[in-house]
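Participant: My questions all concern the structure below.
The values are calculated or read from the model by the stated rules, or taken from the named source; none is laboratory data. Note that this is a predicted model, so its numbers are computed, not measured. Cβ: placed from backbone, ideal geometry, glycine included. Neighbour counts: every protein chain shown.
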Amino acid sequence: MNTEIIKVSPDNISASLSDIERAADILKRGGLVVFPTETVYGLGGDATNPTSAEKIFAAKGRPKDNPLIIHIEKPSDAEIYAVTSPLYYRLAEKFMPGPLTVIMESKDTIPYETRGGLSTVAVRCPENPIARAFIAAAGVAVAAPSANLSGSPSPTNAPHVIDDMYGRVNVIIDGGECDFGLESTIVKIEDDSTVTLLRPGRITPDELSLICNVNVASAVTSELKAGEVALSPGMKYRHYAPKAPLLLLDGTPSDAVEYIMAQEHEKIAVLTYSEDYQYFSKNLPHITLYDMGSVNNECVQAHELFRILRDADKEKFDVIYAPLPRMEGIGLALYNRLIRAAAHTIVNIRGYSK
Ligand code: TXA
Ligand code: MG
């Protein structure tokens, strides 16, 4: 398939409006269009067209029972596609447009193919101005999973998208770097006052708690047990898997240095906080270091994580080590993505340096 790349500056969308309209036209005629959002790039198709959903699954190599998020222009458009409730509107008032996805019962405007056979549908109203202009031009909900091949990290810039999707989609809208860099927070509405958090993101449990009760699904922080049913089909698949084994080290930087020195790997990568960079490079000069940003700046870490995992994948390391994030605030989203990338391998190295 021929893939057209359209460059759009988020600061001057009006200059690209005719290109955005042309891309929206291609989507309405059943084509696939990759577009930027504030979280990660999305692989978009017409959410009301079952054939578009099938094309999305084929382009990603994604199992068909893993449903797609639908992207709408404004919160009230959810009426067309989902059974809304006062709680939906309270969440929308506070967090939309923005990186929050809300799961509700679906209306039959959304075909089974888009929702992976479930009775529910996931609804998101993004805030990225290019995404908004594109959805508005489409005039229909845009079904979009992250625009990566199934199993690799979500793309946060156009080169990532081109690596995975060139030749598989009709159009790639290059809108530069995604702001946040991890996928949206997903909640399921349970009743008038409660949601279940299915995937952590930039909107944290504390922020959601200002609006309603928040249950955190156990799969957010731990592995599904044998026989346990995934609340979100995506939870049961291994995600964001780098080619080299990734191990999460639970201990101090000096524990990590001692631990890594005692291992017999040759080509080693370490993800480190900026504060620890010098310490690692001095004590382990033979390893490759990736700076994730300051330990206290989780937004920078979120922005860097998938880029680092993609870069590291190109280097054929024997092993990759990363620190275990705190499970608080945005740290919970980092923790959730890293334990999946590490297939839940956490090594307790506390006290190793003594
Ligand atoms: O930030 C994001 O959410 C990005 C951008 C493009 O909007 N999209 C994204 O989509 O991350 P995707 O498909 O890669 O991840 C969506 C997750 C999947 O794990 C899927 O199983 C889950 O949402 N999901 C979708 N619909 C669902 C539903 N009705 N019930 C439960 N889980 C659902
Ligand atoms: Mg994804």
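Participant: Could you name every one of the strands (runs of 3 or more DSSP E) located completely within segment 191-278 that has at least 1 residues being buried (at least 19 other Cβ atoms within 10 Å of the Cβ) and within 16 Å of ligand 2 (Cβ to nearest atom)? Steps first, please.
Facilitator: Working: elements: 194-199, 213-216, 246-250, 268-272.
Hits in segment 191-278: 194-199.
Participant: Quick one: Gly293 ticks every box in (1) within 16 Å of ligand 2 (Cβ to nearest atom); (2) modelled with pLDDT of 95 or more bar one, so which box is it?
Facilitator: (1)
Participant: Another question, if that's okay. Filter segment 144-162 down to residues that are among the aliphatic types (A, V, I, L, M) and more than 9 Å from ligand 1 (Cβ to nearest atom) and give me whichever is farthest from Ala59 (Cα to Cα). Even if it seems obvious, please write down each step before you answer.
Facilitator: First, the residues of segment 144-162 that are among the aliphatic types (A, V, I, L, M): 144, 147, 149, 158, 161-162.
Filter once more, so that each one left must be more than 9 Å from ligand 1 (Cβ to nearest atom): 149, 158, 161-162.
Details: Leu149: 8, Ala158: 17, Val161: 12, Ile162: 13 Å.
My answer is Ala158.
Participant: Also, quick follow-up: Does Tyr290 count as in a strand (DSSP E or B) and closer than 23 Å to Asn148 by Cβ? Let's see the steps before the verdict.
Facilitator: Numbers: in a strand (DSSP E or B): yes; closer than 23 Å to Asn148 by Cβ: yes.
Here the answer is yes, as Tyr290 does meet what is asked.
Participant: Does Leu309 count as buried (at least 18 other Cβ atoms within 10 Å of the Cβ), touching a Phe, Trp or Tyr at 6+ places or on another chain (Cβ under 6 Å) and either assigned to a helix (DSSP H, G or I) or not aromatic (Phe, Trp, Tyr) (or both)? Even if it seems obvious, please write down each step before you answer.
Facilitator: On the way: buried (at least 18 other Cβ atoms within 10 Å of the Cβ): yes; touching a Phe, Trp or Tyr at 6+ places or on another chain (Cβ under 6 Å): no; either assigned to a helix (DSSP H, G or I) or not aromatic (Phe, Trp, Tyr) (or both): yes.
In short, no.
Participant: Among the numbered criteria (1) outside any helix (DSSP H, G or I); (2) touching a Ser or Thr at 6+ places or on another chain (Cβ under 9 Å); (3) more than 9 Å from ligand 1 (Cβ to nearest atom); (4) of a type in the set (Asp, Glu), which one does Asp108 miss?
Facilitator: It fails just one condition, (2).
Participant: Among the residues of segment 117-157, how many are part of a loop (DSSP other than H, G, I, E, B), of a type in the set (Gly, Ala, Ser) and more than 13 Å from ligand 2 (Cβ to nearest atom)?
Facilitator: Here is the first cut: in segment 117-157, the residues part of a loop (DSSP other than H, G, I, E, B) are 117-119, 125-128, 139-141, 144-145, 147-157.
Right, trim to of a type in the set (Gly, Ala, Ser) and you get 117, 119, 139, 141, 144, 147, 150-152, 154.
Those left that are additionally more than 13 Å from ligand 2 (Cβ to nearest atom): 117, 119, 139, 141.
Counting residues in segment 117-157 that are part of a loop (DSSP other than H, G, I, E, B), of a type in the set (Gly, Ala, Ser) and more than 13 Å from ligand 2 (Cβ to nearest atom) gives 4.
Participant: May I pose another question? Hey, Met1 hits all of (1) closer than 23 Å to Asp163 by Cα; (2) in contact with a Pro (Cβ under 6 Å, 6 or more places away or on another chain); (3) surrounded by fewer than 16 Cβ atoms within 10 Å (Cβ to Cβ) but one; which does it fall short on?
Facilitator: Failing condition for Met1: (2).
Participant: Another question, then. For segment 85-97, what are the residues that are farther than 13 Å from Arg124 by Cα and in a loop (DSSP other than H, G, I, E, B)?
Facilitator: Scanning segment 85-97 gives a single hit, Ser85.
Participant: Out of curiosity, is Glu93 more than 9 Å from ligand 1 (Cβ to nearest atom) and either under 17 Å from Asp46 (Cβ atoms) or touching a strand residue (DSSP E or B) at 6+ places or on another chain (Cβ under 7 Å) (or both)?
Facilitator: Values: more than 9 Å from ligand 1 (Cβ to nearest atom): yes; either under 17 Å from Asp46 (Cβ atoms) or touching a strand residue (DSSP E or B) at 6+ places or on another chain (Cβ under 7 Å) (or both): no.
The answer is no for Glu93.
Participant: Just checking, how many residues over segment 58-81 are more than 10 Å from Gly116 (Cα to Cα) and more than 10 Å from ligand 1 (Cβ to nearest atom)?
Facilitator: Initial filter on segment 58-81 (more than 10 Å from Gly116 (Cα to Cα)): 58-62, 69-81.
If we keep only those that are more than 10 Å from ligand 1 (Cβ to nearest atom) too, we end up with 58-59, 61, 72-81.
Total meeting the criteria: 13.
Participant: Which of the residues spanning segment 158-190 are within 12 Å of ligand 2 (Cβ to nearest atom) and closer than 19 Å to Glu304 by Cβ? Before the answer, list the steps.
Facilitator: Taking segment 158-190 first, the residues within 12 Å of ligand 2 (Cβ to nearest atom) are 164, 182-184, 186.
Across segment 158-190, the qualifying residues are Asp164, Leu182, Glu183, Ser184.
Participant: What are the residue pairs meeting all of these: first residue in segment 31-47, first residue farther than 16 Å from Pro155 by Cα, second residue in a loop (DSSP other than H, G, I, E, B) and within 13 Å of ligand 2 (Cβ to nearest atom), Cβ atoms under 9 Å, and 6 or more apart or on different chains?
Facilitator: Pairs found: Gly45/Leu68; Gly45/Ala144; Ala47/Leu68; Ala47/Ala144.
Participant: For segment 163-190, enumerate the residues that are of a type in the set (S, T, N, Q) and either away from ligand 1 (no atom under 15 Å from the Cβ) or in a strand (DSSP E or B) (or both). If you could, list the steps in order and put the result at the bottom.
Facilitator: Kept after step one, since they are of a type in the set (S, T, N, Q), are these residues of segment 163-190: 170, 184-185.
Scanning segment 163-190 gives Asn170, Thr185.
Participant: Do you know which residues across segment 322-354 are aromatic (Phe, Trp, Tyr) and more than 21 Å from the chain's Cα centre (by Cα)?
Facilitator: We begin by selecting, within segment 322-354, every residue aromatic (Phe, Trp, Tyr); these are 335, 352.
The answer is Tyr352, and nothing else.
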